[in-house]
Amino acid sequence: RICLSVAVWLQGPNFTEMSILTVLIADDDKASCLILRKMLTVCGHSCDVVYDGVEAVQAVCGKRYDMIFLDLYMPVLGGIHAAIAIRSLRSTRSTVIIGTALSVDCTEASLCMNAGMAQILLKPYDRELIECLIQSSTSQPTQAVQAAKPQEEARRRIQPHLPKWRQD
């Protein structure tokens, strides 16, 4: 039932009208990998999955990716440190890196941006927000980090769930 529900939920009129991307998903939670991979492959994107930051860096050394989803809290090497290592490679200058997590505070968000991540995507995954992230990265690959629409959309979605002291 869950797989069928996910497959139906993933369908959408605009989700299939995007450029095909080569995507790396790095997350130690296999369920999160399965859901995100399904969301992306339904649209025709090519996805590779790894389960820690070291494997992510190794994968990037062997293949070019358009977009990388990095969980911030993986064993062996976390997403922030993996992003720093990936950004140090010349071949990844135009690769869009998206951090993923269940929650992120202001300090962690700052560390992610300083490590070269374009966005932070909170779990559970939202199909429309992922669509927006992909569209912004394929329409202007060199400016994906500065794309305003996903940032505004993410802030709008996150704002009601933050404690009052974090809503600035």
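The values are calculated or read from the model by the stated rules, or taken from the named source; none is laboratory data. The model shown is predicted, which means the values in this text are computed figures rather than measured ones. Virtual Cβ from ideal backbone geometry, glycine too; neighbours counted across all protein chains shown. Protein only, heavy atoms only, side chains kept; ligands, DNA and RNA dropped before computing areas. Shrake-Rupley method; radii C 1.70, N 1.55, O 1.52, S 1.80 Å.
Check whether at least one residue in the range 65-73 is surrounded by fewer than 22 Cβ atoms within 10 Å (Cβ to Cβ), over 15 Å from residue 133 (Cβ atoms), in contact with a strand residue (DSSP E or B) (Cβ under 8 Å, 6 or more places away or on another chain) and not aromatic (Phe, Trp, Tyr), and report yes or no.
So far as the range 65-73 goes, no, none of its residues is surrounded by fewer than 22 Cβ atoms within 10 Å (Cβ to Cβ), over 15 Å from residue 133 (Cβ atoms), in contact with a strand residue (DSSP E or B) (Cβ under 8 Å, 6 or more places away or on another chain) and not aromatic (Phe, Trp, Tyr).
Just to be sure I understand, how many residues within the range 74-110 are in contact (Cβ under 8 Å) with a residue 40 or more places away in the chain and either outside any strand (DSSP E or B) or open to solvent by 50 Å² or more (accessible area, probe 1.4 Å) (or both)?
Going through the range 74-110 one residue at a time, the tally reaches 7.
Restricting to the range 23-41, name every residue that is among the hydroxyl-bearing types (Ser, Thr, Tyr) and touching a residue at least 40 places away in the same chain (Cβ under 8 Å).
32
Just one of (1) of a type in the set (A, V, I, L, M); (2) within 27 Å of residue 19 (Cα to Cα); (3) in contact with a helix residue (DSSP H, G or I) (Cβ under 7 Å, 6 or more places away or on another chain) trips up residue 113, so point out which.
(3)
Name the single residue that is modelled with the lowest pLDDT among those in the range 111-145 being in a loop (DSSP other than H, G, I, E, B) and under 16 Å from residue 39 (Cβ atoms).
So, considering only residues that are in a loop (DSSP other than H, G, I, E, B) and under 16 Å from residue 39 (Cβ atoms), the one modelled with the lowest pLDDT is 126.
Is it the case that the range 73-96 has a residue that's of a type outside the set (D, E, K, R), closer than 16 Å to residue 39 by Cβ and modelled with pLDDT under 90?
The answer is no, given that none of the residues of the range 73-96 is of a type outside the set (D, E, K, R), closer than 16 Å to residue 39 by Cβ and modelled with pLDDT under 90.
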